[in-house]
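Chemist: Before I ask anything, let me first share the structure, which is written out below as structure tokens.
The values are calculated or read from the model by the stated rules, or taken from the named source; none is laboratory data. Source: prediction; values computed, not measured. As a convention, Cβ positions derive from the backbone with ideal geometry for all residues, glycine included, and neighbour counts pool all protein chains shown. Each accessible area value is taken on the protein alone, full model and side chains, heavy atoms only, with ligands, DNA and RNA left out. Shrake-Rupley method; radii C 1.70, N 1.55, O 1.52, S 1.80 Å.
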Amino acid sequence: MAVLEKGSPRRQSRSIIEWLNDERVRSVLYQAIVAIAVIAVARYLFVNTSENLQARGMSSGFDFLSGTAGFSIAWTVLPYEAGDSYFRVYLVGIVNTLIVSLVAIVFATLLGFIMGIMRLSKNWLISKIAAWYVEILRNTPLLLQILFWFLAVFSLLPPPRGSFGLLDMFFLNNRGFYMPAPVPGAGFDYTMIAILLAIAATYAVAVWAKKRQMATGQQFHTFWVGLGILFGLPILVFLATGSPLSFDFAALKGFNFQGGVSVPPAFCALLLALMIYHSAFMAEAVRAGILSVSHGQTEAAYSLGLRPGMTLRLVIIPQAMRAVVPPMISNWMNVVKNSSLAIAIGYPDLVAVYMQTSLNQSGHAIEIVAMVMLFYMSVSLTISMALNYYNKLVQLKER
């Protein structure tokens with residue numbers, strides 16, 4: 001049998017093959033090849049785009065962000081005036097998008113849980129109402145639902161003089177929803193600090209009560225104690241500092257309401273459409289999660305003397321969350337992304353004020369589209385990371 005010499009070509013080729021067959025080496029090599037290919041493609045696109053822009057006499061870069069945006073925005077939360085910079089327009093669009101998305105996420109999740117539990121009810125009428133709610137809404141395009149709420153509901157409301165009122169503080173008409181505007185005074189900061197301390201104390205009590213129950217089996221009235229801390233401490237501080245908060249109430253003056261906080265019909269229509277549409281998908285996720293929990297868990301809870309409500313809250317829902325969280329991640333991300341349909345009814349979200357009006361004025365299409373994509377990607381990744389972290393906490397741990 002021939003023995004290969006140390007420096008022979010055949011021995012070198014065999015050592016190279018053995019080196020390439022190493023799993024760790026191949027993993028690094030493949031990743032390096034993919035990274036080089038991605039960088040090469042990105043460089044080609046960047047150079048090609050820059051050359052085309054220069055050939056057409058179009059400017060590029062982000063210098064336009066400091067330029068003046070010569071248009072007004074119908075409704076903003078951040079202070080804005082016509083003549084502010086394009087970067088200010090970008091921030092206004094982000095805040096308008098986040099407000100409607102976050103409120104829609106909260107109410108869609110709560111309504112979805114209610115509908116998902118109702119669909120599993122033993123009452124025939126309740127379960128059928130929930131079933132029709134889910135099937136009709138999730139099989140109807142969201143854009144049509146947004147147009148329905150805007151054109152068939154809020155546009156047909158009475159004018160300001162015929163507004164629907166509640167307690168002479170809340171008013172609803174075809175120009176929007178009006179409510180009192182809080183006006184904090186000197187010393188209200190102490191109340192805000194008390195609210196943060198109350199939230200931290202309530203969380204600490206909940207953690208302590210859970211550990212105590214696991215150790216002794218004795219239950220603690222966490223809900224009522226937490227409710228007392230959450231509202232009691234801020235109220236005491238608020239009264240002790242002289243109630244440093246007043247309200248500016250909306251009042252009808254002339255042909256419209258003045259004062260208070262006004263929310264345009266486009267915001268209300270978009271919020272209701274997002275909330276109701278995505279609650280139907282959330283309801284199905286909740287129903288599937290509850291059905292994934294073995295019925296033996298319910299029977300075991302009943303045998304220990306737990307009532308149906310406590311069984312659902314303490315036994316079924318915590319285990320169902322392991323199956324509910326993954327689809328809930330997609331549902332929450334879809335709420336944020338689908339809020340871009342607000343452009344159909346004129347709500348000034350990020351797409352409307354930045355990707356449409358600002359793009360038409362400045363002409364920086366690539367930069368503006370990239371910034372809008374970066375915003376939606378950042379929000380989606382943040383939601384995904386937060387819920388994935390929670391999902392790891394509720395997953396079963398092997399011992």
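Chemist: For region 179-213, how many residues are of a type in the set (A, V, I, L, M, F, W, C), out of contact with any Pro (no Cβ under 8 Å at 6 or more places or on another chain) and in a helix (DSSP H, G or I)? So that I can check it myself, show each step before the final result.
Modeler: First, pick out the residues of region 179-213 that are of a type in the set (A, V, I, L, M, F, W, C): 179, 181, 183, 186, 188, 192-201, 204-209.
Filter once more, so that each one left must be out of contact with any Pro (no Cβ under 8 Å at 6 or more places or on another chain): 179, 181, 183, 192-193, 196-197, 199-201, 204-209.
Next, only the ones that are in a helix (DSSP H, G or I) stay: 192-193, 196-197, 199-201, 204-209.
Residues meeting the conditions: 13.
Chemist: Select from region 192-217 the residues that are within 16 Å of Gly242 (Cα to Cα) and surrounded by 14 or more Cβ atoms within 10 Å (Cβ to Cβ) and list them in ascending order.
Modeler: Residues of region 192-217 within 16 Å of Gly242 (Cα to Cα): 192-194.
Ala194 - this is the single residue of region 192-217 that is within 16 Å of Gly242 (Cα to Cα) and surrounded by 14 or more Cβ atoms within 10 Å (Cβ to Cβ).
Chemist: Related question: Any idea how many residues of region 316-336 are under 30 Å from Phe375 (Cβ atoms) and either touching a residue at least 40 places away in the same chain (Cβ under 8 Å) or surrounded by fewer than 19 Cβ atoms within 10 Å (Cβ to Cβ) (or both)? Outline the logic, then answer.
Modeler: Just the residues of region 316-336 that are under 30 Å from Phe375 (Cβ atoms), to begin with: 321, 324-336.
Then keep just the ones that are either touching a residue at least 40 places away in the same chain (Cβ under 8 Å) or surrounded by fewer than 19 Cβ atoms within 10 Å (Cβ to Cβ) (or both); that gives 321, 325-336.
Residues meeting the conditions: 13.
Chemist: Mind telling me which of the residues Ser246, Ser262, Ser339 ends up being open to solvent by less than 30 Å² (accessible area, probe 1.4 Å), polar (S, T, N, Q) and touching a residue at least 60 places away in the same chain (Cβ under 8 Å)? Spell out the reasoning first.
Modeler: Working: Ser246 fails: open to solvent by less than 30 Å² (accessible area, probe 1.4 Å); Ser262 fails: open to solvent by less than 30 Å² (accessible area, probe 1.4 Å).
When all the criteria are applied, what remains is Ser339.
Chemist: Please pick out the residue among Leu393, Leu374, Leu387 that is exposed (fewer than 13 other Cβ atoms within 10 Å of the Cβ) and within 25 Å of Phe113 (Cα to Cα). Outline the logic, then answer.
Modeler: Values: Leu374 fails: within 25 Å of Phe113 (Cα to Cα); Leu387 fails: exposed (fewer than 13 other Cβ atoms within 10 Å of the Cβ).
Step by step, each of Leu393, Leu374, Leu387 is checked, and only Leu393 is exposed (fewer than 13 other Cβ atoms within 10 Å of the Cβ) and within 25 Å of Phe113 (Cα to Cα).
Chemist: Continuing with this model, one more query. Do you know which of the residues in region 265-315 that are among the hydrophobic types (A, V, I, L, M, F, W, C) and not in a helix (DSSP H, G or I) is least open to solvent (accessible area, probe 1.4 Å)? I'd like the intermediate steps shown before the answer.
Modeler: Just the residues of region 265-315 that are among the hydrophobic types (A, V, I, L, M, F, W, C), to begin with: 266-276, 280-283, 285-286, 288, 290-291, 293, 300-301, 304, 306, 310, 312, 314-315.
Of the ones still in play, those that are also not in a helix (DSSP H, G or I) are 293, 304, 306.
Numbers: Val293: 22, Leu304: 143, Leu306: 39 Å².
Residue satisfying both the conditions and the ranking: Val293.
Chemist: Can you find even one residue in region 225-233 that is loosely packed, with under 12 Cβ neighbours inside 10 Å and closer than 22 Å to Ile195 by Cα?
Modeler: Of all residues in region 225-233, those loosely packed, with under 12 Cβ neighbours inside 10 Å come to none.
No; the residues of region 225-233 include none that is loosely packed, with under 12 Cβ neighbours inside 10 Å and closer than 22 Å to Ile195 by Cα.
Chemist: If you don't mind, another one. Taking region 345-369, which residues are open to solvent by 50 Å² or more (accessible area, probe 1.4 Å) and either farther than 22 Å from Leu270 by Cβ or assigned to a helix (DSSP H, G or I) (or both)? Working first, answer last.
Modeler: Filtering region 345-369 for residues open to solvent by 50 Å² or more (accessible area, probe 1.4 Å) gives 346, 355-356, 360-361, 366.
Those that are open to solvent by 50 Å² or more (accessible area, probe 1.4 Å) and either farther than 22 Å from Leu270 by Cβ or assigned to a helix (DSSP H, G or I) (or both): Met355, Gln356, Asn360, Gln361, Ile366.
Chemist: Moving on to the next point. Give region 105-136 a look and list any residue that's of a type in the set (Gly, Ala, Ser) and either surrounded by fewer than 19 Cβ atoms within 10 Å (Cβ to Cβ) or out of contact with any Phe, Trp or Tyr (no Cβ under 9 Å at 6 or more places or on another chain) (or both), or say none. Working first, answer last.
Modeler: Looking only at region 105-136, we keep the residues that are of a type in the set (Gly, Ala, Ser), and these are 108, 112, 116, 121, 127, 130-131.
Gly116, Ser121, Ser127, Ala130, Ala131 - these are the residues of region 105-136 that are of a type in the set (Gly, Ala, Ser) and either surrounded by fewer than 19 Cβ atoms within 10 Å (Cβ to Cβ) or out of contact with any Phe, Trp or Tyr (no Cβ under 9 Å at 6 or more places or on another chain) (or both).
Chemist: Would you be able to tell me the number of residues in region 154-191 that are hydrophobic (A, V, I, L, M, F, W, C) and surrounded by 14 or more Cβ atoms within 10 Å (Cβ to Cβ)? Show your work before the answer.
Modeler: Of all residues in region 154-191, those hydrophobic (A, V, I, L, M, F, W, C) come to 154, 156-157, 164, 166-167, 169-172, 177, 179, 181, 183, 186, 188.
Those left that are additionally surrounded by 14 or more Cβ atoms within 10 Å (Cβ to Cβ): 154, 157, 170-172, 177, 179, 181, 188.
Counting residues in region 154-191 that are hydrophobic (A, V, I, L, M, F, W, C) and surrounded by 14 or more Cβ atoms within 10 Å (Cβ to Cβ) gives 9.
Yes or no, residue by residue, for (1) under 22 Å from Gly260 (Cα atoms); (2) touching a Cys at 6+ places or on another chain (Cβ under 7 Å); (3) at pLDDT 85 or above:
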{"position": "Ala130", "(1), (2), (3)": "no, no, yes"}
{"position": "Phe154", "(1), (2), (3)": "yes, yes, yes"}
{"position": "Ser163", "(1), (2), (3)": "yes, no, no"}
{"position": "Met169", "(1), (2), (3)": "yes, no, no"}
{"position": "Gly185", "(1), (2), (3)": "yes, no, no"}
{"position": "Met192", "(1), (2), (3)": "yes, no, yes"}
{"position": "Gly217", "(1), (2), (3)": "no, no, no"}
{"position": "Leu230", "(1), (2), (3)": "no, no, no"}
{"position": "Val237", "(1), (2), (3)": "no, no, no"}
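Chemist: Another question about this same structure. Could you say which residue among Ala74, Ala108 is within 24 Å of the chain's Cα centre (by Cα), touching a residue at least 40 places away in the same chain (Cβ under 8 Å) and over 19 Å from Gly346 (Cα atoms)?
Modeler: Values: Ala74 fails: over 19 Å from Gly346 (Cα atoms).
Step by step, each of Ala74, Ala108 is checked, and only Ala108 is within 24 Å of the chain's Cα centre (by Cα), touching a residue at least 40 places away in the same chain (Cβ under 8 Å) and over 19 Å from Gly346 (Cα atoms).
Chemist: While we're here: Quick check on region 77-105: of everything there that is part of a helix (DSSP H, G or I) and more than 16 Å from Asn338 (Cα to Cα), which residue is farthest from the chain's Cα centre (by Cα)? Break it down into steps so the answer makes sense when it comes.
Modeler: Step one: filter region 77-105 for residues part of a helix (DSSP H, G or I), giving 86-105.
Retained after the next criterion (residues that are more than 16 Å from Asn338 (Cα to Cα)): 86-92.
Details: Tyr86: 25, Phe87: 23, Arg88: 22, Val89: 21, Tyr90: 19, Leu91: 17, Val92: 17 Å.
Result: Tyr86.
Chemist: List pairs: first residue in region 176-199 and closer than 15 Å to Ile235 by Cα, second residue small (Gly, Ala, Ser) and part of a loop (DSSP other than H, G, I, E, B) anywhere in the structure, Cβ distance under 7 angstrom, at least six positions apart or on different chains.
Modeler: Filtered contacts from region 176-199: Gly187/Gly242.
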